[in-house]
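Below you'll find the structure, written out as structure tokens, and then a few comments.
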Amino acid sequence: MAWWRDAVVYEIYVRAFQDSDGDGVGDLDGIRSRLPYLQALCVDAIWLTPFYPSPMRDGGYDVSDPCDVDPLFGDLDGFDRLVADAHRLGLKVIVDLVPNHTSDQHPWFQEALRNRAARRRYVFAETPNNWLSFRGGSAWTRVDEEAYLHLFAPEQPDLNWRDPEVNDAYDDVLRFWLDRGVDGFRIDVAHGLLKAEGLPDDEDVSALTQLVCDRYSHSWGQPEVCSVYRRWRAIADSFDGDRLLLGEVYAVHPADLVRYTESLDQVFNFFLLQTSFDTVLLRSAIDAALVVPNPTWTLSNHDLSRQASRLGGADRALALSAFLWALPGSVYVYQGEELGLYDTDVPRELAVDPFGRDRSRTPMLWDADGGFTTGTPFLPLGAGQSVAEQEGDAGSALEAYRALLRLRRELLSRLGREVTWRDTPPGVLAVAREGGLVAVLNTTSAAVPLPDGEVLWGDGGPVSTTWLLAP
Ligand code: GLC
């Protein structure tokens, strides 16, 4: 069975994880020094957000060279050291691939600005259509008689995936990192690459800013995009091991995610990220996620509010995680989630993200002094208890997450993939997974007898989840 199927993947927002050289920005050597922490947390893989040369107008998702390391984060030798050490500790390494757009500093775009004949790799038009960018406002910026498309910031021109040279060049990007031993890719906005032929106007432009309304959009979720992934599947499969292709795809309907899994191993679903802490809504979000082959479970990432803030408490975040992690599928944990961290309000004058997402990107808290850097951190540290303060404290979030991940790993070999909902009173969810595991989430503060008489759960304590194991 492929290693990623039930794996726990830990998302490292590279800039904010561990600085090794005192410049206030996290880097690859810093990550390497923290691998034993991740191994002890019982994660199976790390996903590194972009560390490629970049003007950092979108936290590194504006790449000017996809086959190198930005000096801010280290160099290619440092990357090789990181992969070698991770593999030695039994950890897989997934890297981010950003194919929808480049930085405006990428040599291709610089050439396109100078020379109209060299614009085919991007999406240029004399008459822009009505599409909106993620930041709001037109998705087009005029340079002369023509304008170029950018679904994100103007510094992130969209590539033209109908151009063979673009396709060929990214084949080489995949091979470059696969040759260096990466175990897979997280594909950034994987539903965006191909735009509808002829670039027609959208009827409902407001929906575009949400990235999700693919059924009504001519820019997102075009079925042809899967032709790119068929190509990448063949490349990934030409390497040994099960190299993971994971798509970041926003879609309203689960059926719209399924088509990607014909070539990609899995896609994120964001149903739970758009759901409040309500058992009826949670259950339907879980059902939606289970429709998609090889489900993924994620409650936060570097783009969104931390779940302790979003769900209204670190206890709720832990309880929901414990519930989801009983289900079949891969678990994605965002750094700091295991500490029960909340969002941090970053004052406007210290903000760095143009899209306003700094609140969940403040540096990792390693010890009472921070421990992230000896210099000035690129973003202020957030409030919360550090790793060192929680370690060894049985009542801490960190020890609870560790214990849960350890137990999950131990149980996996006996668990199947079938799941069955049990009847429960309002405010309670219970799901049985083939192999004898029942997870019960009680969002009420009362003791709750389950109707089948099997379990009497809850003692009036805080929101929590319990795992019941058949002998
Ligand atoms: C993805 C990334 C996000 C970035 C955007 C554009 O959604 O997760 O951080 O801004 O793509 O690359």
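The values are calculated or read from the model by the stated rules, or taken from the named source; none is laboratory data. Since the model is a prediction, treat every value here as computed from it, not as a measurement. Methodologically, a virtual Cβ is constructed for each residue, glycine included, from the backbone with ideal geometry; neighbour enumeration extends over all protein chains shown. We work out accessible area using only protein heavy atoms, side chains counted, and drop any ligands, DNA or RNA first. Shrake-Rupley method; radii C 1.70, N 1.55, O 1.52, S 1.80 Å.
Can you pull out the residues in the stretch 268-325 that are away from the ligand (no atom under 16 Å from the Cβ), farther than 16 Å from residue 255 by Cβ and among the polar types (S, T, N, Q)? Selection gives 275, 276, 279, 307, 309, 321.
I want to confirm something. Restricting to the stretch 265-281 and keeping residues that are of a type in the set (S, T, N, Q) and assigned to a loop (DSSP other than H, G, I, E, B), which single residue is most open to solvent (accessible area, probe 1.4 Å)? It would help to see each step written out before you state the result.
To start, the set of residues in the stretch 265-281 that are of a type in the set (S, T, N, Q) comprises 266, 269, 274-276, 279.
Imposing the further condition that a residue be assigned to a loop (DSSP other than H, G, I, E, B) reduces the set to 269, 275-276.
Details: 269: 8, 275: 20, 276: 63 Å².
Per the stated criteria, the residue is 276.
Restricting to the stretch 415-449, name every residue that is of a type in the set (S, T, N, Q) and open to solvent by less than 20 Å² (accessible area, probe 1.4 Å).
Within the stretch 415-449, just 442 meets the criteria.
If only residues of the stretch 282-293 that are open to solvent by 30 Å² or more (accessible area, probe 1.4 Å) and in contact with a helix residue (DSSP H, G or I) (Cβ under 9 Å, 6 or more places away or on another chain) are counted, the one that is farthest from residue 313 (Cα to Cα) is 293. Residue selection: residue 69 satisfies the criterion of being assigned to a loop (DSSP other than H, G, I, E, B) and aliphatic (A, V, I, L, M). Only residues that are more than 16 Å from the ligand (Cβ to nearest atom) and of a type in the set (Lys, Arg) were counted in the stretch 13-46, giving 2. It is to be established whether one or more residues within the stretch 12-29 are outside any helix (DSSP H, G or I) and among the aromatic types (Phe, Trp, Tyr). Checking the stretch 12-29: at least one residue is outside any helix (DSSP H, G or I) and among the aromatic types (Phe, Trp, Tyr). Return a yes/no flag: does the stretch 129-137 have any residue that is open to solvent by less than 10 Å² (accessible area, probe 1.4 Å), at pLDDT 95 or above, within 13 Å of the ligand (Cβ to nearest atom) and part of a loop (DSSP other than H, G, I, E, B). No: the stretch 129-137 contains no residue that is open to solvent by less than 10 Å² (accessible area, probe 1.4 Å), at pLDDT 95 or above, within 13 Å of the ligand (Cβ to nearest atom) and part of a loop (DSSP other than H, G, I, E, B). The sole residue among 168, 204, 183 that is within 19 Å of residue 248 (Cα to Cα) and of a type in the set (Asp, Glu) is 183. Quick one: in the stretch 336-366, which of the residues that are touching an Asp or Glu at 6+ places or on another chain (Cβ under 6 Å) and more than 14 Å from the ligand (Cβ to nearest atom) is nearest to residue 396 (Cα to Cα)? Top of the filtered list is 346. Scanning the stretch 146-186 for residues that are touching an Asp or Glu at 6+ places or on another chain (Cβ under 6 Å) and among the acidic types (Asp, Glu) turns up 146, 155.
Condition (residue is of a type in the set (Val, Ile, Thr), modelled with pLDDT of 95 or more, away from the ligand (no atom under 16 Å from the Cβ) and crowded, with 19+ Cβ neighbours inside 10 Å) applied to the stretch 367-386: is it met by at least one residue? Quick ask: steps written out before the conclusion?
The first filter runs over the stretch 367-386 and keeps only residues of a type in the set (Val, Ile, Thr), leaving 373-374, 376.
The next check asks that each one be modelled with pLDDT of 95 or more; those that pass are 373-374, 376.
Subset that is away from the ligand (no atom under 16 Å from the Cβ): 373-374, 376.
Imposing the further condition that a residue be crowded, with 19+ Cβ neighbours inside 10 Å reduces the set to 373.
Yes: one or more hits.
Exactly one residue out of 109, 51, 79 is open to solvent by less than 50 Å² (accessible area, probe 1.4 Å), within 14 Å of residue 185 (Cα to Cα) and at pLDDT 95 or above, and it is 51. From (1) more than 16 Å from the ligand (Cβ to nearest atom); (2) in contact with a Pro (Cβ under 9 Å, 6 or more places away or on another chain), pick out the condition that doesn't hold for residue 106. Status for residue 106: all satisfied but (1). The single condition from (1) within 16 Å of the ligand (Cβ to nearest atom); (2) exposed (fewer than 14 other Cβ atoms within 10 Å of the Cβ); (3) among the charged types (D, E, K, R) that residue 126 fails is (1).
Restricted to the stretch 47-89, and to residues there that are within 16 Å of the ligand (Cβ to nearest atom) and among the aliphatic types (A, V, I, L, M), the residue that is farthest from residue 364 (Cα to Cα) is 63. Residues that are at pLDDT 95 or above, open to solvent by 10 Å² or more (accessible area, probe 1.4 Å) and of a type in the set (Val, Ile, Thr) do occur in the stretch 9-25.
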